[in-house]
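Worksheet: one structure, shown below.
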Amino acid sequence: MRDDPSVVTLVERARANDRQAWSTIVERYAPLVWAICRRYRLSDADADDIAATVWLRLVENLDTIRQPAALPGWLVRTTGHECTRALRSMARVVPLDDHQPVPEEASRSAESWLLVEERRLVLRTAFGGIPLNCQQLLSMLFHDPPIPYAVIGAELDMKIGAIGPTRKRCLDKLRQHPALAAFLDS
Amino acid sequence: MVRGVADPWWNDDDQLLAAVGDALRAAGETPRRLVEIGKAAFVWRDIESDLAALTYDSAASEPDPRLVGALRGTESATLRAMTFVASRLTIELELTSEALLGQVTPFEPGEVDLWPAHGAPRPVPIDEVGWFAVRPLPTGPFRLHVRTGAGSVLTDWITL
């Protein structure tokens, strides 16, 4: 996974026992940990146990991570490892049946799957970095089912004619966010 | 606006917007407890702890007949025995059908917190000769945070 400058800052602050920095790390990467557990088709209970292990390992290793920017990759590897361990211990007890995950399938398109998750991660980080009014507007615009412009205008106290241009400006801000720029550059 | 044949998705406003929506919806599906567990894990940085290494686990090797009832001549058979070693103290665990028995060396009183994978820890007293008993048996993985005069020690995850 690519460099994201703010990861380095977050890890450094968490190392200095900044609880808020740690919480931001958790909020940011929890969806990735969850997506990996789901890909291995593990139960919610198993995902909880795996996540607990992963987070505690990270807390323990915060001081020794040599490259903070490599944190996403570390999370992917560690979570995958714990998922495999969980599968192996289940295999000992439960006969393999149809709804057991198939690890080969999991790794076959692993690269493209990971790219999708990485892209989602970057987009969320960039979204969190644009002004609040942009976040509000874009949230209403990508809502499913679509929200009529008239409703958006009323809700956000905007002229309907201003929505289109503001949408464009907000999306441009998103494109310019360092996290997205770094991702697209590589 | 003229679009090239292979215009990148991020240059197209509609596609970028859809991608952001997809990314945020994916995050919205993440169970909150995964996040809560993560945030709670930060407490481990405040605990001045030694990490205890598992040096023996009967579940990983042939059962040793000498272990049966080794701790306190218990009536229940020993189902499993484990030894955790840290620089300042040692924890020997014995699993019976109804309890997890522990012996801390050096023999000193204290307290052990049983941390489940998520949720609040369960405190258990360690008596004056370093002995403790956990009842009922924990379900799911847990860690033991053992604190006596000799030191403060954390074990790795244990699954019974």
Among (1) over 16 Å from the mean Cα position of the chain (by Cα); (2) crowded, with 18+ Cβ neighbours inside 10 Å, the one test that A:D44 misses: (2)
Hey, B:A52 surrounded by 14 or more Cβ atoms within 10 Å (Cβ to Cβ), closer than 30 Å to A:E117 by Cα and either modelled with pLDDT under 90 or away from chain A (no Cβ under 13 Å) (or both) or not: no
Top-ranked residue in segment A:56-67 [being surrounded by fewer than 19 Cβ atoms within 10 Å (Cβ to Cβ) and in contact (Cβ under 8 Å) with a residue 40 or more places away in the chain; ranked as nearest to the other protein chains (Cβ to nearest Cβ)]: A:D63
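Right, A:D97: modelled with pLDDT under 90, among the acidic types (D, E) and not in a helix (DSSP H, G or I) or not?
Numbers: modelled with pLDDT under 90: yes; among the acidic types (D, E): yes; not in a helix (DSSP H, G or I): yes.
In short, yes.
From the set of residues in segment B:7-58 that are outside any helix (DSSP H, G or I), charged (D, E, K, R) and touching a residue at least 40 places away in the same chain (Cβ under 8 Å), which is farthest from B:T90 (Cα to Cα)?
B:E48
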Residue match in segment A:112-123 (condition: away from chain B (no Cβ under 14 Å), modelled with pLDDT under 90 and assigned to a helix (DSSP H, G or I)): yes
Members of segment B:94-125 found to be away from chain A (no Cβ under 14 Å), in contact (Cβ under 8 Å) with a residue 60 or more places away in the chain and either touching a Gly at 6+ places or on another chain (Cβ under 7 Å) or closer than 13 Å to B:L144 by Cα (or both), listed by number: B:L100
Sole residue being more than 17 Å from B:I37 (Cα to Cα), modelled with pLDDT of 90 or more and surrounded by 20 or more Cβ atoms within 10 Å (Cβ to Cβ), chosen from A:V7, A:V76: A:V76
Filter result for the condition that a residue is assigned to a helix (DSSP H, G or I), assigned by TED's automatic domain parsing to the domain that holds A:M90, more than 25 Å from A:G128 (Cα to Cα) and among the hydrophobic types (A, V, I, L, M, F, W, C), over A:L71, A:L56: A:L56
Segment A:136-152: number of residues that are closer than 12 Å to B:V20 by Cα and either touching a strand residue (DSSP E or B) at 6+ places or on another chain (Cβ under 9 Å) or touching a residue at least 24 places away in the same chain (Cβ under 8 Å) (or both): 2
Condition met for A:E27 (assigned to a helix (DSSP H, G or I) and under 16 Å from A:T125 (Cα atoms)): yes
Index of the failed condition, A:E12 passing every other in (1) more than 18 Å from the chain's Cα centre (by Cα); (2) at the interface with chain B (Cβ under 10 Å from one of its Cβ atoms); (3) charged (D, E, K, R): (2)
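So in segment A:30-50, with the set limited to residues that are assigned to a helix (DSSP H, G or I) and touching a Pro at 6+ places or on another chain (Cβ under 9 Å), which one is farthest from the other protein chains (Cβ to nearest Cβ)?
Among those that are assigned to a helix (DSSP H, G or I) and touching a Pro at 6+ places or on another chain (Cβ under 9 Å), it is A:R39.
The values are calculated or read from the model by the stated rules, or taken from the named source; none is laboratory data. Given the structure is predicted, the values throughout are model-derived calculations rather than measurements. All Cβ positions, glycine included, derive from the backbone under ideal geometry; neighbour counts span all protein chains shown.
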